[in-house]
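Okay, structure first, notes after.
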Ligand SMILES: [Fe+2]
């Protein structure tokens with residue numbers, strides 16, 4: 001057995017859909033209730049669907065009983081404020097896990113590299129079912145900001161940068177890629193993030209919106225990349241030193 005995956009997503013790990021006319025919709029994300037939730041960078045989240053319908057953003061596996069990122073429960077107070085966002089998340093007809101709007105403050109490229117991570121969407125997902133992937137619908141207009149993906153965290157040659165104008169619609173296998181958003185600002189970025197289960201419904205949705213995995217990376221100066229790589233290494237070394245100092249202090253101060 002193995003997981004059911006979308007052929008297009010499986011080939012390169014991402015799909016870019018037709019751009020949506022975001023300007024036709026009310027800016028519902030400004031009406032939602034946000035909770036502090038640290039993700040990649042300085043962030044808050046407005047959950048629309050959560051593990052048990054509470055306004056919280058934790059992974060479904062951190063609840064009792066723990067479960068995978070499927071069967072999210074819609075939060076009625078939030079749904080009432082953002083019916084259009086909910087309709088867009090439900091349009092594929094695929095199983096929805098977590099669904100939320102992220103608010104991300106501006107950051108720098110080196111911080112983006114430092115914040116890169118792989119998601120854990122498929123924890124507890126049984127073999128033979130659909131692989132969980134994530135939709136990112138940019139709500140604010142951030143054409144100079146990028147969804148930044150790397151197959152190899154430390155190899156800039158594997159980097160893919162997808163611009164984020166309002167209405168951009170991307171689906172990413174976030175468990176496969178190291179990823180974070182490089183958001184240049186000056187205002188916060190808002191994006192609707194939905195966990196979907198792969199399968200025929202999601203495939204049909206990707207087809208309907210002309211999904212493609214062909215993109216030419218926007219150019220980025222090599223010296224700038226090299227500088228950010230050095231800064232990444234410096235920050236990682238700094239963190240490793242801080243962690244090691246912490247554990248030395250623990251060892252010197254045994255708890256009884
Ligand atoms: Fe992530």
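What follows is calculated from the coordinates using simple rules that are stated; it is not laboratory data. The structure displayed is predicted, hence computed values, not measured ones.
Data table
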read-out	value
Distance between region 207-245 and region 1-75 - C-alpha centres, whole angstrom	23
Structure-based [θ]222 nm, the chain - -39500 (n - 2.57) summed over DSSP H runs of at least 4, per residue, nearest 500	-7500 deg cm²/dmol
Approximate shape of region 30-115 as ellipsoid semi-axes (Cα gyration tensor, √5λ), whole Å, largest first	23, 16, 13
Stokes-Einstein D for region 131-179, Kirkwood Rh over Cα pairs, 10 °C, 1.306 mPa s (µm²/s)	140
Cα Rg over Rh - the chain, Kirkwood	0.98
Mean projected area (nm²) of the alpha-carbon convex hull when region 116-239 is viewed from all directions	9.2
